[in-house]
Amino acid sequence: MDRAPTPPTGPTRVLVIGGGFAGLECARELAGDDRFEVTLIDRTNHHLFQPLLYQVATAALAAPDIARSTRQIFAGERNVTVLMDEIVSIDAAAVSATGKSGAVYQADRMLVCVGARTSWFGHDEWEKRSLGLKTLADARAVRRQVLQNLENAELTPGSAERAKLMTVAIIGGGPTGVELAGAFADLVHRSLKTDFRRIDTSTLRVILIEGSGRVLEAYDEDQSEYARRRLEKLGVEVMTGVRVSDIQGDTLHFNDGNTLESAAIIWAAGVAAHPLAATLTEPADRGGRIRPEPDLSLPGHPHVFLAGDIVSLKNEDGSPVPGVAPAAVQMGQHVARILQREADQPGRERPPFRYHDKGMMAIIGKNAAVAKTGSMRLRGFPAWLAWLFIHIAFLVGFRNKLAVLLGWAYAYIRNEPETRIIVGDRDGA
Ligand SMILES: Cc1cc2nc3c(=O)[nH]c(=O)nc-3n(C[C@H](O)[C@H](O)[C@H](O)COP(=O)(O)OP(=O)(O)OC[C@H]3O[C@@H](n4cnc5c(N)ncnc54)[C@H](O)[C@@H]3O)c2cc1C
């Protein structure tokens, strides 16, 4: 176990790179503690609540409902400085980082938590032919593409072209794919069904493609089966055991030789750690994640900590710590507490990080979800209610909490999402 390095005199300068779940939590814990001078750097000016990205992509929520200005979050905290810059390199030995702006940020302690990005599993050329779902710009691009396709289909007489425009292909049957598929089905079968005259939106094909034998593989088999049945009831076509072997234009090629034409191909099949992680130490897995010491410090660099989706860690039972928001939050808290302990008592032995599993949930269209926590399993409406309350509780601190709740309630009662406006092009999102 590392012994803590001797702290500097004066407030400890803490550099937090990434204002996602891990970084925000660490900065929040240190905010107001004048033993620390925190600089939080993010390439965006907002903290994003990624679990609700699919709702923006499916026109149920507007982008500002799920994001909040990071500067605003820390407006009242004098010891926290928020800067918008993209870090392009990190010097762990010097505890410094360089931004795209050219600025060099020097600190006494550093937390690197730059998260993950969409991974096309080595087929980077597929990035141009499919839409990922990781940022607000991604979510708006998905929404724009599907809504634009419906507009184009309304202008296109019955033909193969119209069929292609009326097909949404979602690759990846994990929680993101399942949530997207269910929400798209709701959108076209309920919300948009009276909006068009020439096309029947309920004939839009939503196809969920999963390479393994079942959707929601991380859940129990009966929960996966429930999710599949529920999606099919919503009109989603679920294809399992089929892998995408190529994407050419609007054509998906599968390993069984079949093809599918779709003008909206959404890639929800995987994420990999931000490439900055691999510049710090050798990746520990295929997803580019890196393994910290048990206290979350970078091996050989006790002043530098790692947290969130860039980290590859195992629980005591050997299972991996999942790449989910609660794990990132707990890691951010852990690092802040180590820094506080060392400010109190320099040289104290650092406790190892332990993940407290809060369970997981996936929503399947309106009114249904599956949840798994400890030995408890929920599905259907009770799971959906639990999902709703947990997500609203999680948005605590977001000024938009009430707006999100009211937006949901409105969409739920009226089946009328308010965010159907098509704005800008893909790059302008
Ligand atoms: C579509 C989707 C749905 C999800 N649903 C759920 C869910 O239902 N439940 C759940 O628990 N988890 C969910 N997750 C996972 C969860 O969002 C992540 O595990 C969590 O965000 C990880 O937190 P993090 O702090 O490591 O990274 P992030 O929250 O991704 O934050 C990383 C931050 O670093 C910034 N950054 C990146 N590169 C740089 C750079 N070079 N310089 C400066 N800043 C940089 C980014 O802008 C970002 O703000 C979902 C993820 C996605 C994409």
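Hey, does the stretch 381-400 have a residue that's on the phi < 0 side of the Ramachandran plot, more than 13 Å from the ligand (Cβ to nearest atom), at pLDDT 90 or above and not in a helix (DSSP H, G or I)? Within the stretch 381-400, not a single residue is on the phi < 0 side of the Ramachandran plot, more than 13 Å from the ligand (Cβ to nearest atom), at pLDDT 90 or above and not in a helix (DSSP H, G or I). Of everything in the stretch 112-140 that is among the polar types (S, T, N, Q) and part of a loop (DSSP other than H, G, I, E, B), the residue that is least open to solvent (accessible area, probe 1.4 Å) is S130. Within the stretch 26-48, the set of residues being open to solvent by less than 40 Å² (accessible area, probe 1.4 Å) and near the ligand (Cβ under 8 Å from one of its atoms) comprises I41, D42, H47, L48. Please specify each residue of the stretch 179-233 satisfying the condition of being within 17 Å of K164 (Cα to Cα) and acidic (D, E). Selection gives D200 alone. Of everything listed in (1) within 24 Å of the chain's Cα centre (by Cα); (2) open to solvent by 20 Å² or more (accessible area, probe 1.4 Å); (3) farther than 24 Å from G115 by Cα, the single unmet condition for L208 is (2). Only one entry in L260, L296, L306, L252 is out of contact with any Ser or Thr (no Cβ under 8 Å at 6 or more places or on another chain) and in contact (Cβ under 8 Å) with a residue 12 or more places away in the chain, namely L296.
Restricting the stretch 251-295 to residues that are of a type in the set (D, E) and either outside any loop (DSSP other than H, G, I, E, B) or open to solvent by 20 Å² or more (accessible area, probe 1.4 Å) (or both), the residue that is nearest to the ligand (Cβ to nearest atom) is D285. Against the numbered list (1) touching a His at 6+ places or on another chain (Cβ under 7 Å); (2) surrounded by 15 or more Cβ atoms within 10 Å (Cβ to Cβ); (3) under 22 Å from D124 (Cα atoms), G235 comes up short only at (3). Within the stretch 71-84, the set of residues being assigned to a strand (DSSP E or B), aliphatic (A, V, I, L, M) and closer than 21 Å to E29 by Cβ comprises V80, V82, L83. For the stretch 307-341, a residue qualifies if it is more than 10 Å from the ligand (Cβ to nearest atom), crowded, with 20+ Cβ neighbours inside 10 Å and farther than 18 Å from T281 by Cβ, and the qualifying residues are Q330, H334, A336, I338, L339. The residues of the stretch 108-132 that are more than 30 Å from G177 (Cα to Cα) and within 14 Å of the ligand (Cβ to nearest atom), listed by number, are M110, L111. Just to be sure before I move on: is D108 of a type in the set (D, E, K, R) and either without any contact (Cβ under 8 Å) to a residue 60 or more places away in the chain or farther than 21 Å from L402 by Cβ (or both) in the structure I sent? So D108 passes the test.
Among the residues of the stretch 55-66, those that are within 12 Å of the ligand (Cβ to nearest atom) and open to solvent by less than 10 Å² (accessible area, probe 1.4 Å) comprise V56, A57, T58, I66. Taken as a whole, the stretch 168-179 holds no residue that is over 21 Å from the mean Cα position of the chain (by Cα) and surrounded by 23 or more Cβ atoms within 10 Å (Cβ to Cβ).
Against the condition more than 15 Å from the ligand (Cβ to nearest atom), surrounded by fewer than 22 Cβ atoms within 10 Å (Cβ to Cβ) and not aromatic (F, W, Y), how does E86 come out, does it pass? No.
The values are calculated or read from the model by the stated rules, or taken from the named source; none is laboratory data. Note that the coordinates shown come from a computational prediction; the quantities given were computed from them, not determined experimentally. Here the Cβ is made from the backbone with ideal geometry for all residues, glycine too, and neighbour counts use every protein chain on show. Accessible surface areas use protein heavy atoms only, side chains included; no ligands, DNA or RNA. Shrake-Rupley method; radii C 1.70, N 1.55, O 1.52, S 1.80 Å.
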